[in-house]
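Presented below is the structure to which this report refers.
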């Protein structure tokens with residue numbers, strides 16, 4: 001799964017906002033989302049979490065003009081791939097958009 005979201009923020013600001021993507025999702029979907037772990041290395045956020053008893057991990061790379069989220073979903077999660085992608089993309093777009101005004 002690859003999601004690319006364009007932004008017009010300074011890279012440091014975009015990084016601060018990107019670090020909130022999965023934190024906010026874990027709050028919104030407490031019943032389906034647990035065990036969030038994130039580590040930041042320069043412009044890359046390594047993440048992992050459990051969703052519906054499935055382990056999901058990947059990276060969020062913050063570039064000058066976009067944020068790229070990459071993850072390999074477990075086979076069992078692929079039937080939910082469209083839903084998962086939409087929720088993550090919606091959350092990321094909203095955060096990056098709102099960061100422009102923060």
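The values are calculated or read from the model by the stated rules, or taken from the named source; none is laboratory data. On a predicted model such as this, the values are computed, not experimentally measured, just so you know. Note that each Cβ is placed from the backbone with ideal geometry, even for glycine, and that neighbours are counted across all protein chains shown.
Scanning segment 16-55 for residues that are more than 17 Å from residue 95 (Cβ to Cβ) and at pLDDT below 90 yields 30, 31, 32, 34, 50, 51, 52, 53, 54, 55. Scanning segment 62-100 for residues that are part of a helix (DSSP H, G or I) and over 15 Å from residue 18 (Cα atoms) returns 75, 76, 77, 78, 79, 80, 81, 82, 83, 84, 85, 86. Residues that are part of a loop (DSSP other than H, G, I, E, B) and either more than 22 Å from residue 74 (Cα to Cα) or touching a strand residue (DSSP E or B) at 6+ places or on another chain (Cβ under 9 Å) (or both) within segment 6-61 comprise 7, 8, 9, 10, 19, 20, 29, 32, 42, 43, 52, listed in sequence order. Residue 46 fulfils the conditions (1) within 18 Å of residue 1 (Cα to Cα); (2) surrounded by 15 or more Cβ atoms within 10 Å (Cβ to Cβ) except for a single criterion, (2).
Matching residues to (1) free of Cβ contacts under 8 Å to residues at least 40 places away in the same chain; (2) closer than 17 Å to residue 4 by Cα; (3) within 11 Å of the chain's Cα centre (by Cα); (4) exposed (fewer than 12 other Cβ atoms within 10 Å of the Cβ):
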site	(1), (2), (3), (4)
30	yes, no, no, yes
35	yes, no, no, yes
39	yes, no, no, yes
66	no, yes, no, no
79	yes, no, no, yes
88	no, yes, yes, no
94	yes, yes, no, no
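Restricting attention to segment 6-24, the residues that are buried (at least 21 other Cβ atoms within 10 Å of the Cβ) and closer than 21 Å to residue 57 by Cβ add up to 4. Taking the numbered list (1) touching a strand residue (DSSP E or B) at 6+ places or on another chain (Cβ under 8 Å); (2) surrounded by 13 or more Cβ atoms within 10 Å (Cβ to Cβ) in turn, residue 72 passes all entries but (2).
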